[in-house]
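A.B. asks: Right, I'll just put the structure down here and ask away after.
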There are 2 protein chains.
Amino acid sequence: MEFSSKLLENAVYEVSQLPGIGKRTALRLVLHLLKQPEEQTELLANALLKLRTEVNFCKNCFNISDTELCEICANPKRDETLVCVVEDIRDVMAIENTSQYNGLYHVLGGKISPMEGVGPQDLNIIPLISKVREGHIKELIFALSSTMEGDTTNFYIFRQLEGMNVATSTIARGIAVGDELEYADEVTLGRSILNRVPFENSIKAN
Amino acid sequence: MEFSSKLLENAVYEVSQLPGIGKRTALRLVLHLLKQPEEQTELLANALLKLRTEVNFCKNCFNISDTELCEICANPKRDETLVCVVEDIRDVMAIENTSQYNGLYHVLGGKISPMEGVGPQDLNIIPLISKVREGHIKELIFALSSTMEGDTTNFYIFRQLEGMNVATSTIARGIAVGDELEYADEVTLGRSILNRVPFENSIKAN
């Protein structure tokens, strides 16, 4: 792609550094901004800069928060003995949307992934182990995605917890509510049979 | 979507104002930036701000350019009597990529579109008419997209040119090179028959 302007080329290059955005899309977005009033670009640029420089993570669960302790951790009605371990803040938002969970969270900030150069030291694992060691937490729920990296991370944390008095669980894997059995993959269907639940429980959940 | 931080919510909102980017994608992009070094956000924000505030349009053809006259208009080897009328700078880039065109361009900056509130006065039509009136231009090639808005814009300009001594043409519509006839739509196929070209010309083009 040959550009008639260095300024334009530079802006397109920086936008195309974002994940999932190629050069063509970047050019489309940049030309859109050029057609809008100058304030829109200023609002966008300032919002990104302000977030990046002033972002604060909850000192307890590492969720993004404007206060020292996030709203969830600061809520006295939440069950402090139950901690759900998630990859990032989107998972917190997804679980909060279900209104089915009343415990706290612990945001790891990613998964162990040697391919992407992410090791245990890059994640918030040590603070999690320290929290568990303090002894107030009764159960850890692993809610990482069901991939090689997720399983590795779960297992790594599980090993670190050895000898500590804490129950561990993972979220249930199975056929999604509303899905047809015949279209489910074998691994999921197999797990849903192995980890079947008493019928009374499934009635309670509805 | 409920956010745990106003800063985050604001950044996601501004990113989701871009065309084709929803709230979820915006959140993914913003969280990506948070994981990257602070410099990357600064480079992105500054590139956008710099482009938006310092952008310059060629005073002859309205292409984006860092100089007063763009490289194409300033090139003495280009045929100044031939002007190709296009919607935006992406079309200039696309036509330049073909290496088949040696004339100049005129970038309108959009199409007449009552639905989107774009009238003739919002486009660079008056400077085009003035250029033609000066009398140096022998032919105008309309290369707008083949939509209702494109056709309206072509026709509007065509009417403004009445009585002036300039030839007008539109780029050929037809079956794309390499395409199967049976999959072409009827309108395109019909036009390709009506506007058939002497066989010798098609050999020359290859």
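A.B. asks: Suppose we keep only residues that are under 23 Å from residue B:108 (Cα atoms) and within 7 Å of another protein chain (Cβ to nearest Cβ) within segment A:8-20. Which one would you say is farthest from the chain's Cα centre (by Cα)?
C.D. replies: Taking segment A:8-20 as the starting set, the residues that turn out to be under 23 Å from residue B:108 (Cα atoms) are A:8-9, A:11-12.
When the remaining residues are screened for being within 7 Å of another protein chain (Cβ to nearest Cβ), the result is A:8, A:11.
Details: A:8: 34, A:11: 29 Å.
For segment A:8-20, the residue satisfying everything is A:8.
A.B. asks: Out of all the residues in segment A:1-20, which are surrounded by 15 or more Cβ atoms within 10 Å (Cβ to Cβ) and assigned to a helix (DSSP H, G or I)?
C.D. replies: A:7, A:8, A:9, A:10, A:11, A:12, A:13, A:14, A:15, listed by residue number.
A.B. asks: On the basis of being buried (at least 18 other Cβ atoms within 10 Å of the Cβ) and assigned by TED's automatic domain parsing to the domain that holds residue A:149, does residue A:44 make the cut?
C.D. replies: Details: buried (at least 18 other Cβ atoms within 10 Å of the Cβ): yes; assigned by TED's automatic domain parsing to the domain that holds residue A:149: no.
No: the conditions fail for residue A:44.
A.B. asks: Only one of (1) within 13 Å of another protein chain (Cβ to nearest Cβ); (2) under 15 Å from residue B:62 (Cβ atoms) is not met by residue B:131, so which one is it?
C.D. replies: That leaves (1) as the condition not met.
A.B. asks: I'd like the residue in segment A:97-109 that is more than 17 Å from residue A:56 (Cα to Cα) and in contact with a strand residue (DSSP E or B) (Cβ under 8 Å, 6 or more places away or on another chain) and, out of all such residues, is surrounded by the most Cβ atoms within 10 Å (Cβ to Cβ). Walk me through it before giving the result.
C.D. replies: Here is the first cut: in segment A:97-109, the residues more than 17 Å from residue A:56 (Cα to Cα) are A:97-104.
Subsequent filtering for residues that are in contact with a strand residue (DSSP E or B) (Cβ under 8 Å, 6 or more places away or on another chain) retains A:101-104.
Numbers: A:101: 18, A:102: 11, A:103: 18, A:104: 22.
Going through the qualifying residues, I end up with A:104.
A.B. asks: Right, another one. Just to check your reading of the model, which residue among B:59, B:35, B:50, B:23 is over 30 Å from residue B:150 (Cβ atoms), surrounded by fewer than 18 Cβ atoms within 10 Å (Cβ to Cβ) and more than 10 Å from chain A (Cβ to nearest Cβ)? It would help to see each step written out before you state the result.
C.D. replies: Values: B:59 fails: over 30 Å from residue B:150 (Cβ atoms); B:35 fails: more than 10 Å from chain A (Cβ to nearest Cβ); B:50 fails: more than 10 Å from chain A (Cβ to nearest Cβ).
Answer to the selection: B:23.
A.B. asks: Sticking with this one: Which residues, taken from segment B:177-190, are under 30 Å from residue B:138 (Cβ atoms) and at pLDDT 85 or above? Even if it seems obvious, please write down each step before you answer.
C.D. replies: Residues of segment B:177-190 that are under 30 Å from residue B:138 (Cβ atoms), as a first pass: B:177, B:188.
Selection gives B:188 alone.
A.B. asks: Note down all Cβ pairs under 9 Å where the first residue falls in segment B:189-206 and is under 11 Å from residue B:174 (Cβ atoms), the second is at pLDDT below 80, and they're at least six residues apart or on different chains.
C.D. replies: B:197/B:205
A.B. asks: Of the residues A:68, A:87, A:116, A:96, which single one is touching a Lys or Arg at 6+ places or on another chain (Cβ under 7 Å) and assigned by TED's automatic domain parsing to the domain that holds residue A:140?
C.D. replies: Details: A:68 fails: assigned by TED's automatic domain parsing to the domain that holds residue A:140; A:116 fails: touching a Lys or Arg at 6+ places or on another chain (Cβ under 7 Å); A:96 fails: touching a Lys or Arg at 6+ places or on another chain (Cβ under 7 Å).
The match here is A:87.
A.B. asks: Further question: Taking only pairs six or more apart or across chains, which ones have beta-carbon atoms under 8 Å, a first residue in segment B:81-99 that is without any contact (Cβ under 8 Å) to a residue 40 or more places away in the chain, and a second residue that is part of a strand (DSSP E or B)?
C.D. replies: Taking only residues 6 or more apart or on different chains, the pairs are B:88/B:107; B:89/B:64; B:89/B:107; B:92/B:86; B:92/B:105; B:92/B:107.
A.B. asks: Right, next: Looking at (1) over 17 Å from the mean Cα position of the chain (by Cα); (2) loosely packed, with under 13 Cβ neighbours inside 10 Å; (3) among the aliphatic types (A, V, I, L, M), find the lone condition where residue B:189 falls short.
C.D. replies: Here residue B:189 clears every test but (2).
A.B. asks: Being more than 7 Å from chain A (Cβ to nearest Cβ) and surrounded by fewer than 21 Cβ atoms within 10 Å (Cβ to Cβ) narrows it down to one residue among B:112, B:125; which is it? Please lay out each step first, then the result.
C.D. replies: Numbers: B:112 fails: surrounded by fewer than 21 Cβ atoms within 10 Å (Cβ to Cβ).
Only one candidate qualifies: B:125.
A.B. asks: Got at least one residue in segment B:78-86 being outside any loop (DSSP other than H, G, I, E, B), within 7 Å of another protein chain (Cβ to nearest Cβ), buried (at least 16 other Cβ atoms within 10 Å of the Cβ) and not small (Gly, Ala, Ser)? Write out each step before concluding.
C.D. replies: Kept after step one, since they are outside any loop (DSSP other than H, G, I, E, B), are these residues of segment B:78-86: B:79-86.
If we keep only those that are within 7 Å of another protein chain (Cβ to nearest Cβ) as well, we get none.
No, the conditions are met nowhere in segment B:78-86.
A.B. asks: Looking at residue A:91 and the list (1) farther than 28 Å from residue A:122 by Cβ; (2) crowded, with 18+ Cβ neighbours inside 10 Å, which single condition is not satisfied?
C.D. replies: (1)
A.B. asks: Before we move on, is residue B:178 out of contact with any Leu (no Cβ under 7 Å at 6 or more places or on another chain), assigned to a loop (DSSP other than H, G, I, E, B) and surrounded by 14 or more Cβ atoms within 10 Å (Cβ to Cβ)?
C.D. replies: Here the answer is no, as residue B:178 does not meet what is asked.
A.B. asks: Still on this model: Which condition number does residue B:177 fail, the rest of (1) farther than 20 Å from residue B:63 by Cβ; (2) touching a Lys or Arg at 6+ places or on another chain (Cβ under 7 Å) being met?
C.D. replies: Looking at each condition in turn, residue B:177 falls short on (2).
A.B. asks: Follow-up. Is at least one residue of segment B:135-145 of a type outside the set (Ser, Thr, Tyr) and part of a helix (DSSP H, G or I)?
C.D. replies: So the first thing to find is which residues in segment B:135-145 are of a type outside the set (Ser, Thr, Tyr), and the list is B:135-144.
Cutting the leftovers down to part of a helix (DSSP H, G or I) gives us none.
No, because not a single residue in segment B:135-145 is of a type outside the set (Ser, Thr, Tyr) and part of a helix (DSSP H, G or I).
A.B. asks: Another one. If you scan segment B:113-134, which residues turn out to be within 22 Å of residue B:94 (Cβ to Cβ) and part of a loop (DSSP other than H, G, I, E, B)?
C.D. replies: Residues satisfying the conditions are B:123, B:124.
A.B. asks: Could you list, in sequence order, the residues of segment A:92-104 that are more than 10 Å from chain B (Cβ to nearest Cβ) and either closer than 13 Å to residue A:150 by Cα or touching a helix residue (DSSP H, G or I) at 6+ places or on another chain (Cβ under 8 Å) (or both)?
C.D. replies: Those that are more than 10 Å from chain B (Cβ to nearest Cβ) and either closer than 13 Å to residue A:150 by Cα or touching a helix residue (DSSP H, G or I) at 6+ places or on another chain (Cβ under 8 Å) (or both): A:101, A:104.
The values are calculated or read from the model by the stated rules, or taken from the named source; none is laboratory data. From a predicted model like this one, the values you see are computed outputs, not experimental measurements. When we count neighbours, we look across all protein chains shown, and the Cβ atoms used for this are built from the backbone with ideal geometry, even at glycine.
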